[in-house]
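Encoded as structure tokens, here's the structure I'll be asking about.
The values are calculated or read from the model by the stated rules, or taken from the named source; none is laboratory data. As the structure is a computational prediction, the values presented were derived from the model and not from experiment. Please note: Cβ atoms are built from the backbone with ideal geometry, for glycine as well, and neighbour counts cover all protein chains shown. Quick note on the areas: whole protein, heavy atoms, side chains included, nothing else; ligands and nucleic acids left out. Shrake-Rupley method; radii C 1.70, N 1.55, O 1.52, S 1.80 Å.
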Amino acid sequence: RLEHRTAQGRLLRDWPLDGGRAQRLLVRANGELWMGMQEGLYRLAGPAAAAVERVTLAGGAALHGGIYALLEEPGGALWVGGQQGRFREQGGALAAVAQAPDEALGSPIVMGLLRARDGTLWVDTPASGLHRLRGWDGQGRARFERVGERHGQEGVFGGNLHEDAQGRIWSQLAVYDPRADRLDSFGAAEGADFGSFWFFASTELPGGGLLFGGSRGLLRVQPEAYRPTAQPVPLVISALRVNGQPYHPQGLQQGLRLPAGTRTLGVEFAGLDYADPGRLRYQYRLQGLDNEWTSADASARSPSFGPLWPGRYVLQMRAAAQP
């Protein structure tokens, strides 16, 4: 049920609800209350309204699935994000937002929306993480930049999006600095030990602090005290294999010259992050054989490359901490 109470808790009125649990509530500038439910989007015209109405798309089609994000623009336009994608309401009509084919969201599911003070619209999805709306193409389709994917983020950025006084974008899992183009993750090693995080459970405190809910309590973030680590995670090669057999060169400072007849090269490497090595995620590629980056977690950092032909190759590796 939806309840309307006084500040002292006295019940004024209530309404029955469909759609399961309410996940997002938004009071619009015109006094309407919009509710994103586990199933569908609902609207209450005001405290005197006789009933809660289910919102449909332009043309009367039903909007199914969970609604995870509601955002009203200063001009009154409403953005809606959920299981079926991203929608915009203007002039009383709710319609899906068309996307440019080559600059679309990494996932059709929208978990979070944030309008920053500089006007940038940020979107979070379960794949490719944080996105930034770059604008619109000539056909009125939205163009998105996959910020999280560019920084090696594969999953959700966190869903609960907030902006601090320096313009950085926060969730309970990560922080992105648009000016430095830097994305950092944090977890138990940094003190964010509050159990499994909850979507739809966050708020901003007076003074700029942030609160995020989890299964073991609240995580309090003080953005003004945050300082990112200056250096990337250092990497070392711990073992080599040539044609499947252990190989022990004299040194690697001047590169590695493989013996004639080599068809495959196996490399075992590790990131020297002693605070929480299990959360490291790796990317690697052997230029000259494959120019695409391959991702791996801490249990899959022993790739093998081949078949190799005579030539020059460059092995590149990088590591980043993920929650």
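Which entry is the computed Cα extents along the principal axes in Å for this structure: (i) 95, 58, 36; (ii) 66, 47, 41; (iii) 84, 44, 34?
Among (i) 95, 58, 36; (ii) 66, 47, 41; (iii) 84, 44, 34, the one calculated here is (iii).
So, one more: Sum -39500 (n - 2.57) across every DSSP H segment of at least 4 residues in the chain, then divide by the residue count to get the 222 nm mean residue ellipticity, nearest 500.
Rounded to the nearest 500, the figure is 0 deg cm²/dmol.
Over all directions, what mean area does the Cα convex hull of the stretch 226-299 project, stated in square nanometres?
Orientation-averaged projected area of the Cα hull: 7.0 nm².
Write down the Å³ per residue value for the convex hull defined by the alpha carbon atoms of the stretch 173-295.
Spread over its residues, the Cα hull of the stretch 173-295 gives 179 Å³ apiece.
Further question: In the stretch 158-189, whose amide N lies under 18 Å from the spot 7 Å out along Cα-to-Cβ of residue 204? List them in ranges.
Once the point is set 7 Å along Cα→Cβ of residue 204, 158-179 turn out to lie under 18 Å by backbone N, inside the stretch 158-189.
Put +1 on the Cβ of each Lys and Arg and -1 on the Cβ of each Asp and Glu in the chain; which of 299, 74, 130 then has its Cα farthest toward the positive end of the dipole?
Projecting each Cα onto the dipole axis, the largest value belongs to 299.
Quick check on the stretch 190-231: what are the equivalent-ellipsoid semi-axes from the Cα gyration tensor, as sqrt(5λ), descending, whole Å?
Result for the stretch 190-231: semi-axes of 19, 15, 8 Å.
Here is a further query. Could you do me a favour and compute the accessible area per residue for the stretch 25-74, 1.4 Å probe, result in Å²?
45 Å²
Going highest first, how would you order 302-310, 160-168 by mean Cβ packing within 10 Å?
Highest mean packing first, the order is 160-168, 302-310.
Counting only protein heavy atoms, what percent of the accessible surface of the stretch 160-210 is carbon or sulfur at a 1.4 Å probe?
That share works out to 51 percent.
In whole percent, how big is the carbon plus sulfur part of the accessible area of the stretch 1-131, probe 1.4 Å, protein atoms only?
51 percent
Something else about it: In cubic angstrom, how much convex hull volume per residue do the alpha carbon atoms of the stretch 261-323 span?
So the per-residue Cα hull volume is 77 Å³.
Here's a follow-up. With +1 on each Lys and Arg Cβ and -1 on each Asp and Glu Cβ, how big is the dipole of the chain about its Cα centre, in debye rounded to the nearest 20?
280 debye
Computing the accessible area with a 1.4 Å probe over protein heavy atoms, can you report the carbon and sulfur percentage for the stretch 230-318?
Carbon and sulfur: 50 percent of the exposed surface of the stretch 230-318.
Taking the Cα centre of the stretch 206-323 as origin and charging only Cβ (+1 Lys, Arg; -1 Asp, Glu), how large is the dipole, in debye to the nearest 20?
100 debye
Can you give the extra length, in nm with one decimal, that the chain gains between residue 239 and residue 193 once fully stretched, where that is 0.36 nm per residue apart less the Cα-Cα distance?
13.2 nm is the gain from fully extending residue 239 to residue 193.
I want to check the label-to-label distance for residue 258 and residue 116. Put each point 7 Å from Cα in the C-beta direction and report it in nm to one decimal.
Taking the two extended label points, one gets 4.3 nm.
Okay, moving on. Find how many whole Å separate the alpha carbon centroid of the stretch 1-45 from the alpha carbon centroid of the stretch 128-196.
So the separation of the two Cα centres works out to 29 Å.
Could I ask something else about it? Among 174, 187, 198, which residue has its Cα positioned farthest towards the positive end of the charge dipole of the stretch 145-242, with +1 placed on the Cβ of Lys and Arg, -1 on the Cβ of Asp and Glu, and the dipole taken about the Cα centre?
Value: 187.
Just round it to a whole percent: the fraction of Cα-Cα distances in the stretch 1-71 exceeding 13 Å.
66 percent
Here's another thing I want to ask about it. Taking just the C-alpha trace of the stretch 44-192, give me its Rg and Dmax in Å.
Reported Rg and Dmax, both Å: 16.4, 51.
Take the alpha carbon atoms of the stretch 90-111, find their center, do the same for the stretch 216-285, and report the distance between the two centers in whole angstrom.
38 Å
Sorted by mean Cβ packing within 10 Å, highest first, what order do the peptides 51-61, 280-290 take?
280-290, 51-61
I need to check one value: relative contact order of the stretch 24-174, counting alpha carbon pairs closer than 8 Å and at least 6 residues apart, in percent.
The value is 13 percent.
Next question, about the same structure. Describe numerically, in nm with one decimal, the distance between label points set 7 Å from Cα along Cα→Cβ at residue 22 and at residue 292.
The two pseudo-label positions are separated by 4.6 nm.
I'd like to compare 192-205, 121-134: which one has the highest average count of other Cβ atoms within 10 Å, and what's the full order after that?
So the peptides 192-205, 121-134, ranked by packing, come out 121-134, 192-205.
Oh, and also: How big is the dipole moment of the stretch 165-207 about its Cα centre under a simple scheme where the beta carbon of each Lys and Arg is +1, that of each Asp and Glu is -1, and everything else is neutral? Debye, nearest 20, please.
It comes to approximately 120 debye.
A further question follows. I'd like to check one number: the per residue accessible area of the stretch 203-289, probe 1.4 Å, reported in Å² as a whole number.
Computed with neighbouring chains in place, this is 65 Å² per residue.
Let me ask something additional. I need the calculated FRET efficiency for the pair residue 137 and residue 299, taking r as the beta carbon distance and R₀ as 41 Å, to the nearest 0.05.
0.45
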